[in-house]
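S.K.: Before I ask anything, let me first share the structure, which is written out below as structure tokens.
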Amino acid sequence: QKSNPKQLAKKLTHDIQTLEVFQSHQKDIQIALEPIKGNLSNIEYMLAIVGIFILLVTWINFINLAGAKALGRFKEMGVRKVLGSVKSQIIRQFVFEGLLLNIIGLMCALGIVFLIFPYLRIFTNNRVLPLNEWQTFINPLFLLVFFIGAVITSLYPAIILAGLNPIDALKGKIFQSTHKVGFRKTLVIFQFSISIVLMIGVFIISDQMRFIQNQDLGIDLSRTLIVKTAKDGWNGKVERLKTFKTEVEALSTVEGTASSTMTPGGGNGQDVSVKLEKHNEMLNLHLIGIDANFINQYELEVLAGEPFEKDQFWKNKKGIIINKTAAKKLGYTNFDELISQKIIQSENGGKVYEILAVIDDYHHQSLKEDIPPLIFQFNSLRGHISVKLNAINYQDYEKLVATIKDVEAIWNKTYSDLPFDYYFLDESFNAQYVGDIRFRKIFEVFTTISVFIACLGLFGLSLFVSMKRKKEVGIRKTYGASSVNILGLFTKDYLIQIFVAILIGTPVAYFFMEKWLENYSFKTAIHGTSLFIPIVLLVLISLSCVAFQTVKAAFANPIKTLKNE
């Protein structure tokens, strides 16, 4: 329901100000409303561009095939023009026929979409609008683009036929008069340029996904069950947390536990401002609270100093640990020099801490992000609990379920009034890449559709060209040309067009994929194989599309060909 934003804000302000809690504290509340503007992500922009590419390939196909089919009706047009049809009448007829074909195609497409829509929603993680959604501009824009494209693509064959000389048409000279037209070749080159861009894109995206999955994170996330922090009051909180961790560690299926305010993949922690005691420059770091088990359990490498130790509560409370990036940000490359130096945290009343250790960098978040400067503070009183499971129990489904039930039983006994909430750390961390993996799959589907459409058009075009040059082939073979020579004559033209498309599409693909890889702080290089393999595949696929018609024309009996002509 539409409302006036200013009036609604005024009403909300009045209603909130009349609440007793605000009146008793004499609080003045002013509410202003800002419009929500939906912004597309980089992935969604790329998919939109791919969709436009497929639409262009489809239009080019329609122009090529409709133009080729129209030239098969040259005698009909010659008769009509002799009988008095004017150019505008012929154009209107062909535009109407083209529109009708497009509308039939649209109806078929809508039917297919309605059938597969439930699967489409699952495939895109529900990020697709239903066809009956008219609140946004997408559907009206689609219909507008559809009709404009249908009219423009229908005009090309209409203009060709409307401009024919009726005498030439009736004499069958139309093929010769259009032999040197290069517009259709240009469209084929453009079509396959798009195809090579998409094919190279698929290979580079797959390389990046493999790089992400195989990259050393610098931290051991395996076999870790995260029990979410309890929303517990302060009365008895420390005892309950200690009891829970102790009883879980006592399970034979558990190797150990650790607690932290943030877990890998769950955020970089609290922003804090710190400075070394002997320096004046304040630096922004990310604070994470951990217990004494965290460093060892996650197998983080200690580069200098000693991490937090068990049974050293007061030493731990007065100390902090930083990662390599934070140490470099503080101006040190010799990390031993930082040990025992004092650091001041401004957010904590200027409290002074001693640097106990420097650990190696690890990927606390996805590889899309730079490794942040981290500072670890001792905090054994709260946080998510990381339960390290034995390998044997983790790999056996029944034993894993039994272990989780044991942990849940301890939780229910310790926190009887709170729900048990858990997840597996490796699955949660990898969930950061779900969108990228889904994007790769959608991109692969779109690329397959694009290449299929392009090859379908090439197959139809090769059929038309082979029919058009039947007489030429018959004459050449009569004068001694071999079938191999004829085959080379046919395929040479297609190969030239495909190689021109490759020369255009390859640098374009390289440029776009370089831009896409900039979304990742840690990324793979664009390898030569990611360019070479798609090129070879495209050449093979293209030649296979024209092979049947070219071989058939090359090995045809010249006597039968010339007799029919």
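The values are calculated or read from the model by the stated rules, or taken from the named source; none is laboratory data. Not measured: the values here are computed from a predicted model. Neighbour counts are summed over all protein chains in view; Cβ atoms, including those assigned to glycine, are modelled from backbone coordinates with ideal geometry. What goes into the accessible areas is simple: the full protein's heavy atoms, side chains included, and nothing from ligands, DNA or RNA. Shrake-Rupley method; radii C 1.70, N 1.55, O 1.52, S 1.80 Å.
S.K.: Taking ALA162 and the conditions (1) open to solvent by less than 50 Å² (accessible area, probe 1.4 Å); (2) modelled with pLDDT of 70 or more; (3) over 40 Å from the mean Cα position of the chain (by Cα), which numbered condition does it fall short on, given that it satisfies the others?
M.R.: The failed condition is (2).
S.K.: Considering every residue within the stretch 399-420, establish whether at least one is closer than 30 Å to VAL202 by Cβ and either buried (at least 19 other Cβ atoms within 10 Å of the Cβ) or among the β-branched types (Val, Ile, Thr) (or both).
M.R.: No, every residue in the stretch 399-420 fails to be closer than 30 Å to VAL202 by Cβ and either buried (at least 19 other Cβ atoms within 10 Å of the Cβ) or among the β-branched types (Val, Ile, Thr) (or both).
S.K.: Run SER542 past the list (1) open to solvent by 40 Å² or more (accessible area, probe 1.4 Å); (2) at pLDDT 80 or above and report the number of the one that doesn't hold.
M.R.: (1)
S.K.: Within the stretch 262-274, track down each residue that is open to solvent by less than 50 Å² (accessible area, probe 1.4 Å) and out of contact with any Ser or Thr (no Cβ under 8 Å at 6 or more places or on another chain).
M.R.: Answer for the stretch 262-274, where residues must be open to solvent by less than 50 Å² (accessible area, probe 1.4 Å) and out of contact with any Ser or Thr (no Cβ under 8 Å at 6 or more places or on another chain): MET262, PRO264, GLY267, ASN268.
S.K.: Specify the residue that is nearest to the chain's Cα centre (by Cα); the eligible residues are those in the stretch 399-450 that are outside any helix (DSSP H, G or I) and farther than 27 Å from ASP220 by Cα.
M.R.: PRO419
S.K.: Quick check on my filter: what residues within the stretch 488-511 are buried (at least 21 other Cβ atoms within 10 Å of the Cβ) and among the small types (Gly, Ala, Ser)?
M.R.: Across the stretch 488-511, the qualifying residues are ALA501, GLY505, ALA509.
S.K.: Same structure again: Consider the stretch 345-361. How many of its residues are surrounded by fewer than 17 Cβ atoms within 10 Å (Cβ to Cβ) and farther than 30 Å from ASP216 by Cβ?
M.R.: Of the residues in the stretch 345-361, 8 are surrounded by fewer than 17 Cβ atoms within 10 Å (Cβ to Cβ) and farther than 30 Å from ASP216 by Cβ.
S.K.: Does at least one position in the stretch 490-500 carry a residue that is at pLDDT below 75, in contact with a helix residue (DSSP H, G or I) (Cβ under 8 Å, 6 or more places away or on another chain) and more than 16 Å from ILE204 (Cα to Cα)?
M.R.: Among the residues of the stretch 490-500, at least one is at pLDDT below 75, in contact with a helix residue (DSSP H, G or I) (Cβ under 8 Å, 6 or more places away or on another chain) and more than 16 Å from ILE204 (Cα to Cα), which makes the answer yes.
S.K.: Taking the criterion of being at pLDDT 75 or above, within 30 Å of GLY435 (Cα to Cα), surrounded by 14 or more Cβ atoms within 10 Å (Cβ to Cβ) and over 25 Å from the mean Cα position of the chain (by Cα), would at least one residue in the stretch 89-107 satisfy it?
M.R.: There is at least one residue in the stretch 89-107 that is at pLDDT 75 or above, within 30 Å of GLY435 (Cα to Cα), surrounded by 14 or more Cβ atoms within 10 Å (Cβ to Cβ) and over 25 Å from the mean Cα position of the chain (by Cα).
S.K.: Restricting attention to the stretch 207-251, report how many residues are part of a helix (DSSP H, G or I) and open to solvent by less than 20 Å² (accessible area, probe 1.4 Å).
M.R.: Here the count works out to 6.
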